[in-house]
1. Would you say residue 738 is under 30 Å from residue 445 (Cα atoms) and modelled with pLDDT of 85 or more?
2. So residue 262 passes all but one of these: (1) under 15 Å from residue 357 (Cβ atoms); (2) outside any loop (DSSP other than H, G, I, E, B); (3) of a type in the set (A, V, I, L, M). Which condition number does it fail?
3. Every residue in the stretch 189-210 that is of a type in the set (Val, Ile, Thr) and either more than 23 Å from residue 154 (Cα to Cα) or open to solvent by 70 Å² or more (accessible area, probe 1.4 Å) (or both), please.
4. Given the criteria open to solvent by less than 10 Å² (accessible area, probe 1.4 Å), in contact (Cβ under 8 Å) with a residue 60 or more places away in the chain, touching a helix residue (DSSP H, G or I) at 6+ places or on another chain (Cβ under 9 Å) and over 15 Å from residue 312 (Cα atoms), does residue 338 qualify?
5. Scan the stretch 683-705 for residues that are out of contact with any Lys or Arg (no Cβ under 9 Å at 6 or more places or on another chain) and surrounded by fewer than 21 Cβ atoms within 10 Å (Cβ to Cβ) and jot them down.
6. Across the stretch 696-745, which residue is farthest from the chain's Cα centre (by Cα) among those that are β-branched (Val, Ile, Thr) and within 13 Å of residue 673 (Cβ to Cβ)?
7. Quick one: would you say residue 460 is at pLDDT 80 or above, within 20 Å of residue 687 (Cβ to Cβ) and not in a helix (DSSP H, G or I)?
8. I'd like to verify a number: residues in the stretch 148-188 that are of a type in the set (Ser, Thr, Tyr), loosely packed, with under 12 Cβ neighbours inside 10 Å and within 17 Å of residue 213 (Cα to Cα), how many?
Amino acid sequence: MERKVYVGCAVALVCLMLVGAISYLSRRAHRGTLLTESVTWGGGVLAVAIVALAASAIRRDLVGRVRAERGLRQAKDELELRVRQRTAELSSANDSLTESERRFRAFVSATSDIVYRKGPDWSEMRNLQGQEVIPDSSLDSSRNRLEKYIHPDDQARVKEAIREAIRTKNTFEVEHRILRDDGTLGWIFSRAVPLLDESGEILEWFGAASDVTARKQAETKLQAQLARLALLSQITRAVGERQDIKSIFQVVIRTLEEHLPVDFCSICLYEPEAKELTVTSVGKHSEALAIELAMTEHAHIPIDENGLSQCVQGQLVYEPNLDEVPFPFPQRLLRGGLGAFVVAPLLVESEVFGVLVTARRESDSFSSGECEFLRQLSEHVALATHQAKLYSALQTAYDDLRQTQQAVLQQERLLALGKMASGIAHDINNAISPVALYTESLLEHAPEISPRTRQYLETIRRAIDDVAHTVSRMREFYRPRALEAAMRRVHLNELVQQAIDLTRARWSDMAQQRGIAIKVEAALAPDLPAILGVEGELRDALTNLIFNAVDAMPEGGSLMLRTQVLKNASAGVGRATAQELVQVEVLDSGVGMDEDTRRRCFEPFFTTKGERGTGLGLAMVYGTAQRHNADIEIGSAVGKGTTVRLSFAVANQVDDITGVDLPVCVAPSLRILLVDDDPIVLKSLGDILKMDGHAVASADGGQAGIDAFLAAKSAGNPFQVVVTDLGMPHVDGRRVSAAVKAAAPQTVVLLLTGWGQRLLDSGDIPAHVDRVLSKPPKLRELRETLAQTPVDRA
């Protein structure tokens, strides 16, 4: 608008000036002419018109300008109002920003962390304290100062974390080691947040870095401690599952070698009397070094005046540098290339029973935490070892108790068996007494019998003796007796041949009936020395062994009995070394025995024959061997047969007297009363005594015997000897002997009973009995007794 007014005024002014110029020129050129006046008047009119038009335009422009200025002033006022309002707002905001910035800068100045800014590509790193503290790590630089400060092992990880943060535009976090200028190692934790523009591009990174060296060291120490606690727990659980000391030591050593770790480890037991250690266990990885150090298992290490002497007194010993310890044991380890060792005592109830030795090649290689760990471990190992010893002792006591219980149970069974045997012994002995008496009488008084008949009678007599011995030995399962006085010189070759003859029916006739063949051979050593023994028992033992061998060959086979002399052999337990042993073996080719059966085969009542077996055969053989102070061995394998071997000491020459049968003089004629409830015994015994020239009367039962004795005494013809049985109904032998002694104290009372040996062994001899004889009676024993008995022959 102002421009239009100025232009109009200028045009009007120019027109006025033009009109004036024309008028002046016209008056000078054409003075007084009409044209001149007309031109002058027209120019004036024109000028006036132009001026009027200019004035009108100027007027219009001035009105518009006034209006514009009025609007402009209004707008200015509104703008100033808004500016003042905004200025107030900005002033308030500026005050707030200044306070935050002041606080932020105060925080930056006060904190020990490094607060920094970095460019979008992680370059031009500056901290807010105004100095460069962390090197430029721009990814565009292949060789930058990053490698100078960050630990080489962490550089790749840090660079990869930077790349990932730039790629994903996410927060950058990393923890890494740094190498300080002084050469020490530290830890830095750095965290940076990207600042993004409106388009999502990274403007810069704002972050902080903290020195976490102390925390990392504490964490490392804590982790090491936790690892050692876990290792201690692992070892404790492992040794808790074992009950033998050897395996406990091996578990401890193996675990230490693998997880602590150590270069050498061993456990030694302490012997206070010898003042030395004995190497008990060595680690698998330490074996080669143990050989070099002469510390293999069972090696002895004397206690020196340094670490070992302190350790056996209960102290843990740590030597960080063996170069500085001039004592024998540390120097031994040093020669093996070891630089430091820890020796921990195994202590129970204030007593050291062993030590745990651990060593490493580097000097100063055991930390205080590891030393404490080894001390605690030694306590656990000592406790576990002590518990293992207690367990072993308890197990031994339990085994002893179990064996004692088994022995008691076995003894109870044998006692019951002995009582049963004693109950039937009377009847058995009564049954075989007539056979024994008539057999001996025939062999003695019938010279006209044929050799074959005499051989049969001898076999019958031996069989009767064996039966008598078998019955008498039944009681030995619960009450042993001393047989030394009854032993004589015995020739095993003869007993072997007799056992073969006695069992011929079993291994020949009966086997052939079953359709099998058993071949029996005897390999007898010539000039076999005699042994001391009871002939009947030894023959019975050989018979039982033959029967067992035959039963072990259900499909047939071969059986051999072999004798031999062993020179300079060592006798069994309880017997001194002998110059010679006589050995008899029974070998069969039968089914054999497994190991469990072989161990239990000598137990009474143990049998593998089912209902066919009693389980007493080998038990009686074992008892015979013990009574004869002989060794018995049994070897067997399934499918390979069985060998039973008996070894006896050779009899001395001075023992010959026990084997000499001196002639027995028959007593002069005596008046004898026989009292028994078995008529067969009465008849057979009476017949034999009458053949010796005695006057014999018989009484059937105890009361009849008393009556007969009193009647003869009243008639003036008393009996000089009364032979009575013990077990009789109503009136037994004790009452008979008491009545006889009451009536005639000088009368000799002989007690003839199947319980004779039992009474002699127990000392339970009735008060009024002069002599006890066992059934079946033997003529020699009976005659000796009658000849030695003082009787009134008036």
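1. When the stated conditions are applied, residue 738 does not pass them.
2. (2)
3. 202
4. Judged against the criteria, residue 338 is a match.
5. Selection gives 683, 684, 686, 687, 690, 691, 693, 700, 701, 704.
6. For the stretch 696-745, the residue satisfying everything is 696.
7. No: the conditions fail for residue 460.
8. Summing the residues that are of a type in the set (Ser, Thr, Tyr), loosely packed, with under 12 Cβ neighbours inside 10 Å and within 17 Å of residue 213 (Cα to Cα) in the stretch 148-188 gives 1.
The values are calculated or read from the model by the stated rules, or taken from the named source; none is laboratory data. Here the structure is a predicted model, which is why all the values come from computation and not from measurement. In this analysis, Cβ positions are derived from the backbone assuming ideal geometry, glycine residues included, and neighbour counts consider all displayed protein chains. Ligands, DNA and RNA are stripped out before the accessible areas are found, and what is left, the full protein with its side chains, is counted by its heavy atoms. Shrake-Rupley method; radii C 1.70, N 1.55, O 1.52, S 1.80 Å.
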